[in-house]
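The values are calculated or read from the model by the stated rules, or taken from the named source; none is laboratory data. No experiment lies behind these values; they were computed from the predicted model shown. Glycine gets a Cβ as well: all are built from the backbone with ideal geometry, and neighbour counts include every protein chain shown.
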Amino acid sequence: MASLKVCSKSYNSKQMSADVQKLMADDYVTSAKGIFEYLLGGSTDKKLLAVRVFDEKTKRVAYKKQTQDVKDKGKSNCPLCALGHDANKAKIWELDEMDADHVSAWSKGGDSSAKNCQTLCSTHNRAKGNR
Ligand SMILES: [Zn+2]
């Protein structure tokens with residue numbers, strides 16, 4: 001029997017299979033083959049899991065609501081821009097300039113329902129996704 005090559009990174013195989021089970025059972029994970037790669041890579045690259053994202057309709061509803069909410073307040077419809085101090089703090093972004101984002105992160109148990117959806121300008125969405 002050929003000996004199994006293990007990568008230099010050490011991991012607890014019991015923990016590993018528990019994590020695999022958990023991700024396999026997660027409705028939002030759409031790529032089963034990405035799970036191992038994701039875990040072996042230190043659970044950082046969520047792209048590998050192809051986590052289900054918000055559909056266009058959910059995004060549009062969230063966008064409309066947010067834009068309506070700030071209309072008379074002179075604030076940006078990107079909640080993170082609104083908190084800032086630069087010119088963008090009052091900017092109203094177009095729908096296609098924004099990306100749907102999980103209010104409570106998927107990795108922390110947030111789901112992909114409309115309640116958990118907010119739109120962020122693409123800059124802020126990208127900044128958040130890298131964390
Ligand atoms: Zn922003």
Checklist line | Complete set of residues in region 1-29 that are at pLDDT 85 or above and within 25 Å of Asp99 (Cα to Cα) | finding: Leu23, Val29
Next item on the list: Check every one of the helices (runs of 4 or more DSSP H) wholly within region 30-105 and list those with 3 or more residues that are in contact (Cβ under 8 Å) with a residue 24 or more places away in the chain.
Entry: 56-70, 79-83
Check: Given (1) surrounded by 14 or more Cβ atoms within 10 Å (Cβ to Cβ); (2) under 24 Å from Ser31 (Cα atoms); (3) within 14 Å of the ligand (Cβ to nearest atom), where does Gly110 come up short, assuming only one miss?
Finding: (3)
